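The values are calculated or read from the model by the stated rules, or taken from the named source; none is laboratory data. Here the structure is a predicted model, which means the values were calculated and not measured. Positions of Cβ are generated from backbone atoms using ideal geometry, with glycine treated the same way; all protein chains shown enter the neighbour counts. Accessible surface is based on the protein model in full, side chains and every heavy atom, while ligands, DNA and RNA are left aside. Shrake-Rupley method; radii C 1.70, N 1.55, O 1.52, S 1.80 Å.
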Amino acid sequence: QVQLVESGGGLVQAGGSLRLSCVASGRTFSMYTMGWFRQAPGKERKFVAAINWDGRGTGYADSAKGRFTISRDNAKNTVYLQMNSLSPEDTAVYYCASGRPMTPAQAMGVMKYDYWGQGTQVTVSS
């Protein structure tokens, strides 16, 4: 079993940056695909970014491309999401998730992940 704990959220002005972290427990972390999702109030949980087991394969939602960067440090059992040029539309609870290795297309789907963190709030003011 894998436990995920996110941190790094907070309040930031438009144009600012935040770096989210997700620390995973368990020995299986290194072999899992890791993803970041976000959910705004009243909205569906949506894909943001994903990274494969070796950290070399990444994918991003169109809304994140060019602004967000996902990375991982398997030695620290941690995945990161660097968010730059934030806008109010990025305001949401951000969740990290892990799942068995999957294709890039599969990695975009909420239902493809086995474990989820508790979420961390990101609020971007105008």
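Would you pick out the residues in segment 78-97 that are open to solvent by 50 Å² or more (accessible area, probe 1.4 Å) and not in a helix (DSSP H, G or I)? If the condition is that a residue be open to solvent by 50 Å² or more (accessible area, probe 1.4 Å) and not in a helix (DSSP H, G or I), then Gln82, Asn84, Ser85 are the ones that fit.
Test Val48 against the stated conditions and say whether it is at pLDDT below 95 and either open to solvent by less than 70 Å² (accessible area, probe 1.4 Å) or in a strand (DSSP E or B) (or both). Can you show your working first?
Working: at pLDDT below 95: no; either open to solvent by less than 70 Å² (accessible area, probe 1.4 Å) or in a strand (DSSP E or B) (or both): yes.
No; evaluated as a whole, the condition is false for this residue.
Among the candidates Arg72, Arg67, Arg56, Arg100, the residue that is surrounded by fewer than 18 Cβ atoms within 10 Å (Cβ to Cβ), within 14 Å of the chain's Cα centre (by Cα), basic (Lys, Arg) and at negative phi is uniquely Arg67. Exactly one residue out of Val12, Val2 is surrounded by 15 or more Cβ atoms within 10 Å (Cβ to Cβ), in a loop (DSSP other than H, G, I, E, B) and over 11 Å from the mean Cα position of the chain (by Cα), and it is Val2.
Just one of (1) farther than 22 Å from Ala105 by Cβ; (2) hydrophobic (A, V, I, L, M, F, W, C); (3) surrounded by fewer than 16 Cβ atoms within 10 Å (Cβ to Cβ) fails for Ala24. It is (3).
Filtering segment 103-126 to residues that are without any contact (Cβ under 8 Å) to a residue 24 or more places away in the chain, surrounded by fewer than 15 Cβ atoms within 10 Å (Cβ to Cβ) and not aliphatic (A, V, I, L, M) leaves only Thr103.
Do we have Met31 as in contact with a Lys or Arg (Cβ under 9 Å, 6 or more places away or on another chain), open to solvent by 70 Å² or more (accessible area, probe 1.4 Å) and either in contact (Cβ under 8 Å) with a residue 60 or more places away in the chain or farther than 25 Å from Gln1 by Cβ (or both) here? Yes; evaluated as a whole, the condition is true for this residue.
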